[in-house]
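Here's the structure we're looking at; comments come further down.
The values are calculated or read from the model by the stated rules, or taken from the named source; none is laboratory data. If you're wondering where the values come from, they're calculated on a predicted model, not measured in any experiment. Because the Cβ atoms are built from the backbone with ideal geometry, glycine has one as well, and the counts that use them run over all protein chains shown.
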Amino acid sequence: MPLHPGTRLGPYTVTSAIGAGGMGDVYKARDTRLDRDVAIKVLAAALAADPRFKERFEREARVVASLNHPHICTLYDIGEHEGATFLVMEYLEGQTLAARLARERVPFDTALTWAVQIADALALAHARGIVHRDLKPANLFVVAPGTMKVLDFGLAKIAEPATAALAPTMAATDAGLAVGTVAYMSPEQARGEPLDARSDIFACGAVLYEMTTGQPAFAGPTTAVIFEAILNRAIRPLRDVVPDAPSDFAALVDRMLAKRATDRHPDGSALGVGLREIQARRPSSRPGSGAVAARTPSIAVLPFADMSAQKDQDYFCEGMAEELISALSKLQDLRVASRTSAFRFKGAQDIRTIGEQLGVETVLEGSVRTAGARLRVTTQLTSVADGYQIWSERYDRQMEDVFDIQDEIAKAIVGALKVKLLGDADAAIVKRATENVEAYHLCLKARYHWFKWTDEGFAKAVQLFEQALAIDPQYPLAIFGLADSYIASAVVGIERDPFTCESMFETALRLDPELAEAHAILGLVQGMWTWRWLLAQQHFDTAMRLGPRSSHVLGAHGLHLSLLGQFEEAVALGRRGVELDPLMPFWNVMLTQVYVFSRRYDEAIRQGDATLELVPTYWLPHAYVGLGHAAQGNLAEAVAALERAVTHSGGAPYIIGWLGFVLAKTGRLEAADAQLQILLDRARKGYVPAMSVACIYAGLNDRERALASLDRAYAQKDICLSWHVGPLFIFDDLRSDPRFADLHRRVFGT
């Protein structure tokens, strides 16, 4: 029954009707407690028919209410009135996108601006595991001046069990309610399959197509015709409708509307990256162009130049820039070029070229000069469009003031680019993790060597992290860095107690619970190393919430999911990590590894070869390319690649084991036995992972010794046991053996 003006719903007084939709009627009301206007949606009575609905509704509504974002309509409250459930939401002035599109299509630059805002809203929700499920022009609201807000976030999921009962009552030929929703459904939604973030990406693609062309992507006189088009028919190319539409935007929309979910952007964050790259290339998005459309500011922070007389401050110069990149990347309304991409331009002079290649509007440069305890830091922020300085400053301080200098630089950038800060404007942007400058310098040096991703680099990093902790035992970044270095060393085959590493990560997180990367690597330890998979996923959930744009987090989470057989999600995360930091070899390697575990060998070989173009002597991509060739039966290519991996790794035990396995499969039994003897001789003198030995026995078809070695690997808590017992193909011939099945159960619980 419709509500009349003056009707009271608890503390809310209805003032007027706004409209009606498939889920219920919407009213404008006054919150008498806070003296503000609100929007109230009274859900259809049929939605409450399921006795389980109320409990589920309240649980899901609490999650949706946590989405505090400038481009999401806020859910304030829920309640009941005469048996009807209602929601209290932010009241917005403006119009729906559907009303706007009924009059005219949207200018391209405005559409691009709104698309970025929608993607940002989706990114937050997807990072928290929330899928909209009903993204369409009627659920997008244009708020003056030119701001888009997403309505009804998560409500489709809340109402799903009850609305399923209503579905048969919808007329299949109804051109109103049913068609209005159907036209934006993804193929998997049309088929009634489980949904994830990629279904929202498809719906968003349909919205962008309609915004820029003025025509629906999928249209027809009946729902059946529209379903058939969504499932089977290609859309009319966007540039056929709007010839002056940029080709890169048209390609992005094509990808969003891909029939297969795996071919789309994995989530809103990845979509936002693609949209911002297009936005950065648009002339109207550059400073000084006179554009009226809103844009997201962007910046690249270059390594600072070492102006010290001794020229021994390279680690400090890179560390200063890295700290700023890390802090600025946490600002929601600022796009920051990744560390690896920005550091590629170390020492470069042409700001315009840097900006164009990185797709940013501004570049921050700086220099460092040290003399004893004195520190001079100079910085300048330059516009890519015209080369003019936007801001510059010189800081002459004591070395102990380095933390204050970093925060002052970050706040100056925020002010110059007019970036909105969330929370306390006076709060520090750059987090101070230690008060000890000497410990801080040692940690910077350690990270400098860690990023080299070599055995020598890890060994030096361990030494320096330990020195930093001797000075400040409560330094969370040093604790995390040391444990992370141990994990990297363990992958090479150096013995390390997993429980010691675990306790170190837990200590770091107790000191700083917001270390996203620490949550992610602890998740790896608890999953692939100690086989507590549910506990591991909890840490990955936290890591994804805290660091949705961290390649470290994305790569680790992708590896974790690939071990559990969730290959599509794993590949999507790995791809996103590479998209965010395409020049970092290790994130490329992690994606290559996920491809191997997913048994997508052609893609693994291509990804590995692309990584080797970045670093030809990097042993990990050689190893995974070798495994890819071996799995496809290209044994000569596999042996060559694995021999290169052994050489460049300095004889990493796991790689020797893989090489011995492939040599045996080629029939070169003596050569395989020679690799086995290398490992057995080493084992008499020190630690050698039993897994590496088991691989060669598997290649030699020595079933009993292979299984015995696997049991030893289990006793050793071998970090790579889950790889081999899980998705890797090396032990496929043993999978039918009950003893192997029992080992699989002990590792994975199934």
Residues being under 15 Å from His560 (Cα atoms) and at pLDDT 90 or above: count how many of those fall in segment 574-629. 11
Exception for Gly628 within (1) closer than 19 Å to Val589 by Cβ; (2) in contact with a Leu (Cβ under 7 Å, 6 or more places away or on another chain) falls at (2)
Output the qualifying pairs, or none if there are none: Cβ atoms under 8 angstrom, residues six or more apart or on different chains, first residue in segment 287-307 and under 16 Å from Gly415 (Cα atoms) and of a type in the set (Gly, Ala, Ser), second residue surrounded by fewer than 16 Cβ atoms within 10 Å (Cβ to Cβ) and at pLDDT below 80. none
Given (1) modelled with pLDDT of 95 or more; (2) closer than 24 Å to Ala713 by Cα, number of the condition Ala652 does not satisfy: (1)
Against the condition in a helix (DSSP H, G or I), surrounded by fewer than 17 Cβ atoms within 10 Å (Cβ to Cβ) and at pLDDT 85 or above, how does Ala121 come out, does it pass? no
Could you grab me the full set of residues in segment 373-388 that are touching a residue at least 24 places away in the same chain (Cβ under 8 Å), assigned to a loop (DSSP other than H, G, I, E, B) and farther than 16 Å from Arg335 by Cα? Ala373, Ala385, Asp386, Gly387
Taking the stated definitions as given, is Val525 under 23 Å from Met320 (Cα atoms) and either assigned to a helix (DSSP H, G or I) or at pLDDT below 80 (or both)? no
Step by step: first the residues of segment 680-694, then only those that are free of Cβ contacts under 8 Å to residues at least 40 places away in the same chain and touching a helix residue (DSSP H, G or I) at 6+ places or on another chain (Cβ under 9 Å), then the one that is surrounded by the fewest Cβ atoms within 10 Å (Cβ to Cβ). Which residue is that? Leu680
Sort out which residues of segment 700-720 are at pLDDT 95 or above and under 26 Å from Leu635 (Cα atoms), and write them in order of number. Leu700, Asn701, Asp702, Arg703, Glu704, Arg705, Ala706, Leu707, Ser709, Leu710
Which condition number in (1) touching a Leu at 6+ places or on another chain (Cβ under 8 Å); (2) within 16 Å of Glu408 (Cβ to Cβ) is the one that Thr378 fails? (1)
Which one is surrounded by the fewest Cβ atoms within 10 Å (Cβ to Cβ), of the residues in segment 549-592 that are closer than 18 Å to Ser326 by Cα and among the polar types (S, T, N, Q)? Ser550
In this structure, is Ile655 of a type in the set (Val, Ile, Thr) and within 32 Å of the chain's Cα centre (by Cα)? yes
With the condition being of a type in the set (A, V, I, L, M, F, W, C), more than 30 Å from Gly558 (Cα to Cα) and out of contact with any Phe, Trp or Tyr (no Cβ under 8 Å at 6 or more places or on another chain), I'd like the helices (runs of 4 or more DSSP H) fully within segment 661-729 carrying at least 3 qualifying residues. 669-685
Would you mention how many residues in segment 430-447 are at pLDDT 55 or above, under 28 Å from the mean Cα position of the chain (by Cα) and among the hydrophobic types (A, V, I, L, M, F, W, C)? 4
Cβ-Cβ under 9 Å pairs, at least 6 apart or on other chains, segment 1-17 side in the same structural domain as Glu82 (by TED's automatic domain parsing) and free of Cβ contacts under 8 Å to residues at least 40 places away in the same chain, far side surrounded by 14 or more Cβ atoms within 10 Å (Cβ to Cβ) and not in a strand (DSSP E or B): Thr13/Thr7; Val14/Leu3; Val14/Thr7; Ala17/Leu3
